[in-house]
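The values are calculated or read from the model by the stated rules, or taken from the named source; none is laboratory data. Just so it is clear, the model here is predicted, and its values are computed rather than measured. Counting neighbours? That spans all protein chains shown, and the Cβs are built from the backbone with ideal geometry, glycine included. Heavy atoms of the whole protein, side chains included, go into the accessibility calculation; ligands, DNA and RNA do not. Shrake-Rupley method; radii C 1.70, N 1.55, O 1.52, S 1.80 Å.
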Amino acid sequence: MSKLNINEKGISTVEVLLVLVIVALVVVIGLMVYNRRVKTSPTTTAANISTTSQPSGETSGSTAINTVINKGDYHGLAALMSDRVKVIKEGTDAGGSYYSSTAAAATISNFYSQSNTSQGAELPWDFTGHSDYRASAKKSTGAVKEYIPQGHIAVSKNDWVLGYNLNSDQKISSFYVSGSVNLSK
């Protein structure tokens, strides 16, 4: 009979190699699962999301965004934005300005948050579609005409307005802000 090649500790080379192969497989499979979950799940900022009433056609990306907005966590939008975001303030810069995601979120937060100098938008935001407002926006000659009809919109409890568009990665690419539902003609 031939004997297996056993070292002094009682473990064969084959067993050691087998254990190493199994550990390597577990690591590779674990990394694949982790990467798949990171790519398909909302960002950590939008974790623990409760579903908001939305019109049909809303995406999981917009659900996460709407949840962050309804919490008044406008700075939290940075994690849900593309690298460059066009922010349009109705009545001040119809062409809009491009910002980094962090600067765009800060601009939006400054606009909507209540302070000594601003009444701010009162929560909650209503994301139910606003077909009348959308129809008026289509007829407007203001900046709203470019952003509201095709994007996601919401009206705050005190009639402030926001609208945003998503890119192909379901990240905010442009954001429209207004302190009133009354459209400039």
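From the protein chains alone at 1.4 Å, what is the descending order of accessible area for Leu166, Leu80, largest first?
Greatest to least solvent exposure: Leu166, Leu80.
Need one number: nm distance between label points at Leu123 and Lys71, each 7 Å from Cα along Cα→Cβ, rounded to one decimal.
Here the answer is 0.9 nm between the modelled labels.
Solvent-accessible area of Arg84, probe 1.4 Å, all protein chains present, reported in Å² to the nearest ten, please.
Rounded to the nearest 10, that gives 150 Å².
Ordering Met32, Met81 by how much accessible area each has at a 1.4 Å probe, largest first, what is the list?
Met32, Met81
Output wanted: per-residue J couplings in Hz (rounded whole) for region 28-35, from phi through Karplus 6.51 cos²θ - 1.76 cosθ + 1.60, θ = phi - 60°, x for Gly and Pro.
Karplus values, whole Hz, x for Gly and Pro: 4, 5, x, 5, 5, 5, 4, 4.
Would you calculate the separation in nanometres between label points at Ile22 and Tyr98, each defined as 7 Å from the Cα along the Cα-to-beta-carbon direction?
According to this spin-label approximation, the distance is 5.4 nm.
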